[in-house]
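No value in this document is a laboratory result; all are computed from the given coordinates. All of these numbers come straight from a predicted model, not from anything done at the bench. Don't worry about glycine lacking a Cβ; one is built from the backbone with ideal geometry, like all the others, and counts go over all protein chains shown.
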Amino acid sequence: MVAFTEWYEGGYGVSFRIKGKILDRKSKYQRIEVYETEGFGRMLVIDGAIQFIERWEKMYHEILVHPVLLAHPNPRNVLIIGGGDGGALREALKHDVVEKVRVVEIDEMVVDVVKEYIPIDGGAFDSERCELIIDDGTKFIKGDRCRYDVIIIDSTDPKGPAEKLFSIPFYRDCYKRLNEKGLVITQSGGAYFDSKLSIEVVRRMKEVFNKVYPFFFSVIGYAPCWGFSVGVKGDIDFLKIDMERAKRISTEYYDPEHHDRMLFLPRKMREVMESL
């Protein structure tokens, strides 16, 4: 049996049987691989870490996008930092109130590879509401003068070029770029096998944002469960969403009617997060 396995701290691994390797390239920033799996479609791997499985990628992208867009009262302008695979962009464009989505991806090769081999964007990059910018997200947001309602940080793990996307200075720059009311969401690692990262992200975000909401969701391809953290600027109540707008979008995994249930944390994790 041929398999690809991503190992986590402590000897736990996520493994998929593969039919073969389709692509293996080294960009200026990272190693990019594409595999054909047995039964789950194609898989994108960056620097040895699984980014998404074609069959299950909506589990991640829906949760990264819809909770914050539906919790914001009027999300017209959206910034996605990272997100070169186009999955988050595709989900954001489902919202008819969104007028503009900027995608700032550091590695153009990621965009090109996914477009050619696993086009999960479904044509979203060709939308008139999308603007793709190839740039370092940390440098871009520091020099940017636009204002955003929602910022989505769809990054790889905090290694190499993505490390600064988990820093307090970066979160401060995001806060400045938000309108008077705004939301920032970032992926924050596993709940159990990478809990140090999830805890550290919440700690750092609490240094910057008015409120921080950590939550976890099962994503096939990642260590269970996967962490997300939302930073709030202003008086937005992340616990409440616009159900009328929710009815106008289609989802497979995110359930607007049970939005608040995502915020359930295991007791030990909740006690740690509340103590920060």
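For the chain, a Gaussian network of Cα nodes joined below 10 Å ranks Gly39, Gly137, Gly189 by mean-square fluctuation, and the top entry is Gly39. The phi torsions of segment 227-242, fed into the Karplus equation with coefficients 6.51, -1.76 and 1.60 and a -60° offset, translate into couplings of x, 9, 9, 10, x, 10, 10, x, 9, 6, 9, 5, 6, 10, 10, 7 Hz, rounded to whole numbers, with Gly and Pro shown as x.
The packing ranking, built from the mean of other Cβ atoms within 10 Å per residue, places the peptides 97-108, 200-211 in the order 97-108, 200-211, highest first. When segment 70-155 is described by a simple charge dipole with +1 on each Lys and Arg Cβ and -1 on each Asp and Glu Cβ, the residue from Leu132, Val111, Pro73 located farthest towards its positive end is Pro73. Extension gain, Met262 to Glu180: 0.36 nm times the residue separation minus the Cα-Cα distance gives 27.0 nm.
Comparing Cys130, Cys146, Cys225, which has the greatest mean-square fluctuation in the GNM of the chain with Cα pairs linked when under 10 Å apart? Greatest mean-square fluctuation among the candidates belongs to Cys146.
Helix check for the chain. Which DSSP H runs span at least 18 Å along their own axis by Cα, with a mean Kyte-Doolittle hydropathy no less than -1.0? Membrane-span-like by this rule: 57-71. Annotation: Cα Rg of segment 96-159 relative to the compact-globule expectation 2.2 N^0.38 Å equals 1.19.
Averaging over all projection directions, the Cα-based convex hull of segment 3-53 occupies 3.6 nm² in the image plane. Each residue in Arg90, Arg172, Arg31 was given a count of other beta-carbon atoms within 10 angstrom of its own, and listing them fewest first yields Arg31, Arg172, Arg90. Taking the chain as a Gaussian network of alpha-carbon nodes connected by springs under 10 Å, the highest mean-square fluctuation of the residues Glu91, Glu180, Glu116 belongs to Glu116. The slack between Arg248 and Lys100, meaning 0.36 nm per residue of separation minus the straight C-alpha distance, is 51.5 nm. Summed over all non-identical Cα pairs, the Kirkwood treatment of segment 42-106 gives a radius of 12.6 Å. Per the Cα gyration tensor, segment 123-276 maps to an equivalent ellipsoid with semi-axes of 23, 21, 17 Å, ordered largest to smallest. A simple charge model with +1 on the Cβ of Lys and Arg, -1 on the Cβ of Asp and Glu and nothing else charged puts the dipole of the chain at about 620 debye relative to its Cα centre. Here the chain is treated as an ellipsoid with the same Cα gyration tensor; its semi-axes, largest first and in whole Å, are 27, 22, 19.
The fewest-to-most ranking of Thr5, Thr156, Thr37, Thr251 by surrounding Cβ atoms within 10 Å reads Thr5, Thr251, Thr37, Thr156.
Taken as Cα centroids, segment 32-66 and segment 249-276 sit 22 Å apart, rounded to the nearest whole angstrom. Cβ crowding within 10 Å ranks Ser198, Ser275 as Ser275, Ser198, fewest other Cβ atoms first.
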